[in-house]
1. What is the residue count in the range 24-35 for residues that are hydrophobic (A, V, I, L, M, F, W, C) and without any contact (Cβ under 8 Å) to a residue 24 or more places away in the chain?
2. Being surrounded by 11 or more Cβ atoms within 10 Å (Cβ to Cβ) and over 10 Å from the mean Cα position of the chain (by Cα): is that true of Val45 here?
3. Can you find, within the range 12-42, the residue that is nearest to Gly68 (Cα to Cα) among those that are among the small types (Gly, Ala, Ser) and surrounded by 12 or more Cβ atoms within 10 Å (Cβ to Cβ)?
4. Could you run through the range 43-53 and say how many residues are farther than 16 Å from Ala65 by Cβ, of a type outside the set (Lys, Arg) and either modelled with pLDDT of 95 or more or assigned to a strand (DSSP E or B) (or both)?
5. Could you please give the count of residues in the range 1-10 that are closer than 18 Å to Trp69 by Cα and surrounded by 12 or more Cβ atoms within 10 Å (Cβ to Cβ)?
6. Sort out which residues of the range 48-69 are hydroxyl-bearing (Ser, Thr, Tyr) and open to solvent by less than 60 Å² (accessible area, probe 1.4 Å), and write them in order of number.
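The values are calculated or read from the model by the stated rules, or taken from the named source; none is laboratory data. Keep in mind that what you see is a predicted model, and the values were worked out from it rather than measured. Note: ideal-geometry Cβ built from the backbone for every residue, glycine included; neighbour counts use all protein chains shown. SASA here: full protein model, heavy atoms, side chains in, ligands and nucleic acids out. Shrake-Rupley method; radii C 1.70, N 1.55, O 1.52, S 1.80 Å.
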Amino acid sequence: MSVRGVLYVHSAPSALCPHIEWAVAGILGVPVNLPWVNQPAAPGVMRAELDWVARPGTAGAITSALAGW
């Protein structure tokens, strides 16, 4: 069984973007390259979104991995 989800990163400093990709890749088990774009509401930060399909519990695991950031 698999589940689908979407990860929305609304605001992240550009220096943190590779770390977010690394953390999400560790959960999903595949390389992740998020399509980062400038966040027009907050100059100097980035935003991205990622559709994913994985095992149940993945959303919680991603949330836990990113909660410390």
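1. Of the residues in that region, 3 qualify.
2. It is true that Val45 is surrounded by 11 or more Cβ atoms within 10 Å (Cβ to Cβ) and over 10 Å from the mean Cα position of the chain (by Cα).
3. Ala23
4. Summing the residues that are farther than 16 Å from Ala65 by Cβ, of a type outside the set (Lys, Arg) and either modelled with pLDDT of 95 or more or assigned to a strand (DSSP E or B) (or both) in the range 43-53 gives 5.
5. The total comes to 3.
6. Thr58
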